[in-house]
Amino acid sequence: MVFKSMWTAWTVKHKPRTLAGVIGNKEAIQKLVEWVKSWDKGIPKKRAAFLYGPPGIGKTVTVEALANDLKMELVEKNASDYRTEKAIQRFAGLASQYGTLFGRKRLILLDELDGITGREDAGGLKAIMNIVKTAKCPIILIANDPYDPRFTALRQLCLMIEFKKPRVREVQRLLQRICMLEGINAEEAALRFIAQRSQGDVRSAINDLQALAQGKKRLTFDDVSWLAYRDRKEKIFEVLRLIFYSRTCDGAKRAVAMADVDLDMLFEWVYENLPYHIRDPQDLAEAMESLAKADLYRGRIRLTQDWKLQSYVIDFMTAGVAMARKRTKPAGWVPLRFPERIKWLSKTKAERELRAAIAKKIKRKCHISATRAIKEYIPYLRIIFENNSEMANKIAEWLDLNEHMKAYLSGKN
Ligand SMILES: Nc1ncnc2c1ncn2[C@@H]1O[C@H](COP(=O)(O)OP(=O)(O)OP(=O)(O)O)[C@@H](O)[C@H]1O
Ligand SMILES: [Mg+2]
């Protein structure tokens, strides 16, 4: 029993039972409640309400909470229950009565209407229209996209109610409430981050929260911030797998098209991971050869700015690498590695930039190239700056160096 309660999804455990617990869409909900209540005064013009909007924002849960608040009997059906005309006939009779035997009022919900597709379901849609035209109790339909041409005729019969994504602040507050109930002390920034990332999808926000926070006493921003990184990493992993394991040139090339990654970055990823995925020596040599050609074109682009050559870089880097795999046997799952070179480059980036800036100052005064300044002048300047502060100050003034540059040359950072 303990296990069971530990593993219930929080979207179920913390599902609002009453309308007061549903966040967002106050006006839409108000409109829906008024329409349902209007049935007490007789059958209204529109016998069905059509709720629509993106996934995970509380459409289904609103109807369930509403039935609960108004103490109505809810008959809930999903697309799988009403695919065909025959299936619908089985419960169509329920719609012919408002009051039930036990004195409760009936509400029929046909959820996930998007689920009925294709020709064989056409009869199903028609049967639904017939129920709506003659219903003696309120019918609620739900779909994500009501403007699908299939629903055109049905729409005319319904009171259309749009559900929108709740605001980030509202989602954040809901997450806060769940944390309180779960005994978790969560940083505001952490919850805001989860709420923002979910982009209004409450269900996925709650799922993320459970994955990150279940079993914890505290949830900090650090606990969640890596999520942003996870997305990017997953993307590049997918791309790499396409490059290493595609059977066709097209498949490998498509990887780049779908990836929103920088080509130079991708090159480093391929270079770093290649030996672990293409392990037959001859295959590897061929793949490396192809990568070297890609690099050659990269260099030429850098020199000439001739971006037409980019397609060669892509071909060699993707299709060329994929086609090199001839003898390598599948090795099962091999983890992908983060390129050492990118790590190193980003670690030393600030230092390299500072050095380049100093070289530029020297270049201007001494009329030599920046490369020569780095190689031949800076080492001597370092000796002077470390040992003779008076001379160093004069040179710094002459070269117009700032404090960072001076500190760098005197080895202080
Ligand atoms: N507005 C909301 N207020 C409170 N909880 C919500 C809200 N929206 C979603 N949830 C949570 O997410 C879960 C899923 O919501 P629901 O099933 O109502 O989404 P939906 O809009 O019907 O999505 P779909 O279009 O995918 O069917 C609920 O059980 C609840 O825990
Ligand atoms: Mg739903």
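The helices (runs of 4 or more DSSP H) falling completely within the stretch 329-413 that include 2 or more residues that are of a type in the set (A, V, I, L, M) and open to solvent by 40 Å² or more (accessible area, probe 1.4 Å) map to 349-366, 378-387. When the residues of the stretch 126-151 are filtered to those that are β-branched (Val, Ile, Thr) and within 16 Å of ligand 1 (Cβ to nearest atom), which remaining residue is farthest from Glu73 (Cα to Cα)? If we take residues in the stretch 126-151 being β-branched (Val, Ile, Thr) and within 16 Å of ligand 1 (Cβ to nearest atom), then Ile142 is farthest from Glu73 (Cα to Cα). Residues in the stretch 148-165 that are open to solvent by 70 Å² or more (accessible area, probe 1.4 Å) and closer than 26 Å to Leu94 by Cα: Arg150, Gln156.
Results for (1) hydroxyl-bearing (Ser, Thr, Tyr); (2) assigned by TED's automatic domain parsing to the domain that holds Pro146, shown as yes or no for each residue.
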| position | (1), (2) |
| --- | --- |
| Lys15 | no, no |
| Leu19 | no, no |
| Ile29 | no, yes |
| Lys37 | no, yes |
| Lys59 | no, yes |
| Thr62 | yes, yes |
| Gln89 | no, yes |
| Gly99 | no, yes |
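Only one of the numbered conditions (1) under 22 Å from Ile57 (Cα atoms); (2) open to solvent by less than 30 Å² (accessible area, probe 1.4 Å) is not met by Asp145, and that is (2).
Residue pairs whose Cβ atoms lie under 9 Å apart, sitting 6 or more positions apart in sequence or on different chains, and linking a residue in the stretch 131-148 that is without any contact (Cβ under 8 Å) to a residue 24 or more places away in the chain to a partner that is more than 11 Å from ligand 1 (Cβ to nearest atom), are Tyr147/Arg155.
Listed conditions (1) surrounded by 14 or more Cβ atoms within 10 Å (Cβ to Cβ); (2) modelled with pLDDT of 75 or more are all met by Lys235, apart from (2). Here is a check on your reading of the model: is Pro55 surrounded by fewer than 20 Cβ atoms within 10 Å (Cβ to Cβ) and within 10 Å of ligand 1 (Cβ to nearest atom)? Criteria met by Pro55.
The set of residues in the stretch 36-57 being of a type in the set (Phe, Trp, Tyr) and away from ligand 2 (no atom under 15 Å from the Cβ) consists of Trp39 alone.
Condition check ((1) modelled with pLDDT of 85 or more; (2) surrounded by fewer than 19 Cβ atoms within 10 Å (Cβ to Cβ); (3) within 16 Å of ligand 2 (Cβ to nearest atom)) across all residues:
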| site | (1), (2), (3) |
| --- | --- |
| Lys86 | no, yes, no |
| Gln89 | no, yes, no |
| Thr100 | no, yes, no |
| Arg106 | yes, no, no |
| Leu110 | yes, no, yes |
| Lys126 | yes, yes, no |
| Ile131 | yes, no, no |
| Lys136 | yes, yes, no |
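A count restricted to the stretch 161-219 and to residues that are in a helix (DSSP H, G or I) and of a type in the set (Lys, Arg) stands at 6. Beta carbons closer than 9 Å, at least 6 apart along the sequence or on distinct chains, never pair a first residue in the stretch 13-39 that is within 21 Å of Pro54 (Cα to Cα) and without any contact (Cβ under 8 Å) to a residue 24 or more places away in the chain with a second that is open to solvent by less than 30 Å² (accessible area, probe 1.4 Å) and near ligand 1 (Cβ under 7 Å from one of its atoms). Does the stretch 58-79 hold any residues that are open to solvent by 20 Å² or more (accessible area, probe 1.4 Å), within 14 Å of ligand 2 (Cβ to nearest atom) and aliphatic (A, V, I, L, M), and which are they? Hits for the stretch 58-79 are Val61, Leu74. Answer with yes or no whether Val168 is without any contact (Cβ under 8 Å) to a residue 40 or more places away in the chain, open to solvent by 10 Å² or more (accessible area, probe 1.4 Å) and either within 14 Å of His14 (Cβ to Cβ) or of a type in the set (Val, Ile, Thr) (or both). Spelling it out, Val168 is indeed without any contact (Cβ under 8 Å) to a residue 40 or more places away in the chain, open to solvent by 10 Å² or more (accessible area, probe 1.4 Å) and either within 14 Å of His14 (Cβ to Cβ) or of a type in the set (Val, Ile, Thr) (or both).
Residues of the stretch 58-70 that are away from ligand 1 (no atom under 12 Å from the Cβ) and of a type in the set (Gly, Ala, Ser): Ala67 alone.
The values are calculated or read from the model by the stated rules, or taken from the named source; none is laboratory data. Predicted, not measured: the structure shown is a model, and the values here were computed from it. Cβ atoms come from the backbone with ideal geometry, glycine included; neighbour counts cover every protein chain shown. All accessible areas refer to the heavy atoms of the entire protein, side chains included, with ligands and DNA or RNA removed. Shrake-Rupley method; radii C 1.70, N 1.55, O 1.52, S 1.80 Å.
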